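> The following block contains the structure, expressed as structure tokens.
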Amino acid sequence: MSFTKNLGKFEDDMRTLREKRTEPGWSFCDYFMVQEELAFVFEMLQQFEDALVQYDELDALFSQYVVNFGAGDGATWLTFFCEPVRSWNGLILRKPIDMEKRELIQRQEATLLDLRSYLFSRQCTLLLFLQRPWEVAQRALELLHSCVQELKLLEVSVPPGALDCWVFLSCLEVLQRIEGCCDRAQIDSNIAHTVGLWSYATEKLKSLGYLCGLVSEEGPNSEDLNRIVDLLAGLGAERPETANTAQSPYKKLKEALSSVEAFEKHYLDLSHAAIEMHTSIGRTRSARLVGKDLAEFYMRKKSPQKAEIYLQGALKNYLAEGWALPITHTRKQLAECQKHLGQTENYLQTSSLLASDHHLTEEERKHFCQEILSFASRRTDSPGQKIVLPLHCFAHLQDLHFTPSNAVVHVGGILSVDITLCSQMPIPVRVEQIAINVHFSIEKNNYRKTAEWLTKHKTANGVVTFPAETSPLPAARNNLPALELYEMFERSPSDNSLNTTGIICKNVHMLLRRQESSTSLEAPSGVALEDGAHVLKCSD
């Protein structure tokens, strides 16, 4: 009874201290130490869930203060966490309590990363006691993303590449900590919980490689080497608990930054692992995204033959789902790849698609159009193989004008057809000859079918108009529901002042759901001119 009474009094005193947080001189660090004492008590009693609640409350309280700071309502004590980042050695999860960082918090000398690292290490320890390792992975990914945003909100000075190092080390530390308490079968069956960390680590290592000149053809210059030295200095010495671990995060990062060859090895290992994991759990989009990064890496390394397969895979996926901007971006990369490989026909096919793509700037479209025209002028006098490009890239059929207007004639009669084509090229293109294939279909009831077709297309005076296709999106995406957008306001409970505002889409699950249709958007191959039984030609 005496213990319960004292515990209740401690909780009351803690709440009273918390309620004074709006008063001048209130310190989050002092309050942190008080609430952590309560967490220690619960942990000693093996009430791990109650202990975890204390840290979660501290986490939420600090996060709210950071958000308020970004909205212009900054607490005085928060300025202590705005100090420039000078150390980026990642999360430390192999100690039950990181006394070094705890003392920094107690002395009010901790940086934002110090506080976040310590807080998460305690949450991690309790979650592992509760046998919830996959929640550790989920929380870790959220933490790493939120820390990046919090540093921006607090306008903390961070050296270039330092945050990439911290995230990379933290991702691998979490993964190795989980691997240490789970068997291989458990890990393989829960890839969905950890693959996000693998991808994030891959992304950050890629950023470091580009920043430090480890991907360029010439290799790092003197400025890049100085940056690498500075980044390694910010890691400090390796911690004793991982000193004897052959593949510790510290050793991996240090080795990856040591040479171009070592970086390539580690980056490729991580990329292939991430692609394999995403694919194994059906996350094709994510696998293609990592593949695109890998293709960009291979292009930088002058290996277009290795890049092509990843770009083709990504393009196929984007075409199937109708993502217009990724289609355009991937086609640009593929065009560059095909040009380096000397795949003339494929390059011209891609260039024709890009020349008519309105998602590109006018200058970019002109460039790809000029590439086609340059090739055509070179081949004028050459009897070599013809390259046939699809018409829909260059022009679209605008209308047909039939005379007589019902488009029906009897035997011996004359049917006249005027055809209007509209160019889709960004510059004038001189056409030497236009040829149209006419196919006759001798079937019963043709007259009735023709009448039905004309009725359906509502011709006026024998003119059939064909609307221009403004986007390559499949019908499934064009029929998506309208956006359900709502305004969102959050006000302070104390004085009703506006904290945050934004827009929420309530049917995002409908808009972003996977399209099951496997219909390809690539245009079907047309009939070659030689195959047409009847050809109408018009020459310049």
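Nothing in this text is a laboratory measurement; each read-out follows from the coordinates by a stated rule. These figures come from a predicted structure and were not determined experimentally. We place every Cβ from the backbone using ideal geometry, glycine too, and count neighbours over all the protein chains shown.
> Which links in 254/301; 95/306; 206/506 stretch past 31 Å when you go from one Cα to the other? The partial results should precede the final answer.
Working: 254/301 22 Å; 95/306 43 Å; 206/506 35 Å.
In this structure, 95/306; 206/506 exceed 31 Å between Cα atoms.
> Can I ask one more? How big is the Rg/Rh ratio for the range 225-291, C-alpha atoms only, Rh by Kirkwood, two decimals? It would help to have the intermediate numbers written out before the result.
On the way: Rg = 15.1 Å, Rh = 13.8 Å.
Computed over Cα atoms, the ratio is 1.10.
> What ratio of Cα Rg to 2.2 N^0.38 Å holds for the chain? Don't skip to the end; give the middle numbers.
On the way: Rg = 32.2 Å, N = 540, 2.2 N^0.38 = 24.0 Å.
My calculation over the Cα atoms of the chain gives 1.34.
> Something else now. For the range 1-156, evaluate the Debye formula with one uniform point scatterer on each Cα (no solvent term) and list log10 I(q)/I(0) at q = 0.15, 0.16 Å⁻¹, rounded to two decimals.
Debye output, listed in q order: -0.84, -0.95.
> With the radius of gyration and the Kirkwood radius both derived from the Cα set of the range 1-48, what is their ratio Rg to Rh? Don't skip to the answer; put the middle values down first.
Details: Rg = 12.1 Å, Rh = 11.6 Å.
Reported Rg/Rh, Kirkwood definition of Rh: 1.04.
> Percent of Cα-Cα pairs more than 18 Å apart in the range 393-438, please. Intermediate results must be reported in sequence, preceding the final value.
Values: 457 of 1035 pairs.
Across the range 393-438, Cα pairs with separations above 18 Å total 44 percent.
> Taking all pairs of different Cα atoms in the range 79-194, averaging 1/r and flipping that mean, what Kirkwood radius in angstroms comes out?
Details: mean 1/r = 0.0676 Å⁻¹.
After inverting the mean inverse Cα-Cα distance, the result is 14.8 Å.
> Suppose a student asked you for the relative contact order of the chain, using Cα pairs under 8 Å spaced at least 6 residues apart; what percent would you report?
Details: 609 pairs, mean separation 49.4, N = 540.
The value is 9 percent.
> Out of every Cα-Cα pair in the range 123-276, what percent are more than 26 Å apart?
29 percent
> Which of 280, 117, 2 comes first, and how do the rest follow, when ranked by fewest Cβ neighbours within 10 Å? Walk me through the numbers before you get to the answer.
Working: 280 13, 117 23, 2 6.
Placing the least packed residue first, the sequence is 2, 280, 117.
> Follow-up. In a shell of Cβ-Cβ distance under 12 Å around residue 368, excluding residue 368 itself, what net charge do Lys and Arg (+1) and Asp and Glu (-1) give?
Numbers: positive: 331, 332, 339, 365, 366; negative: 336, 357, 362, 363, 364, 371.
Here the charged neighbours net out to -1.
> Give the angle, between 0 and 90 degrees and rounded to the nearest 10, that separates the Cα long axis of helix 112-129 from the longest principal axis of the Cα atoms of the chain.
Between helix and principal axis, roughly 90 degrees.
> Output the 0 to 90 degree angle, nearest 10, between the alpha-carbon long axis of helix 324-341 and the longest principal axis computed from the alpha carbons of the chain.
80 degrees
> Relative to the compact-globule scaling 2.2 N^0.38 Å, provide the ratio for the alpha-carbon radius of gyration of the range 296-379. Intermediate values should be presented prior to the final figure.
Values: Rg = 12.8 Å, N = 84, 2.2 N^0.38 = 11.8 Å.
The range 296-379 yields a ratio of 1.08.
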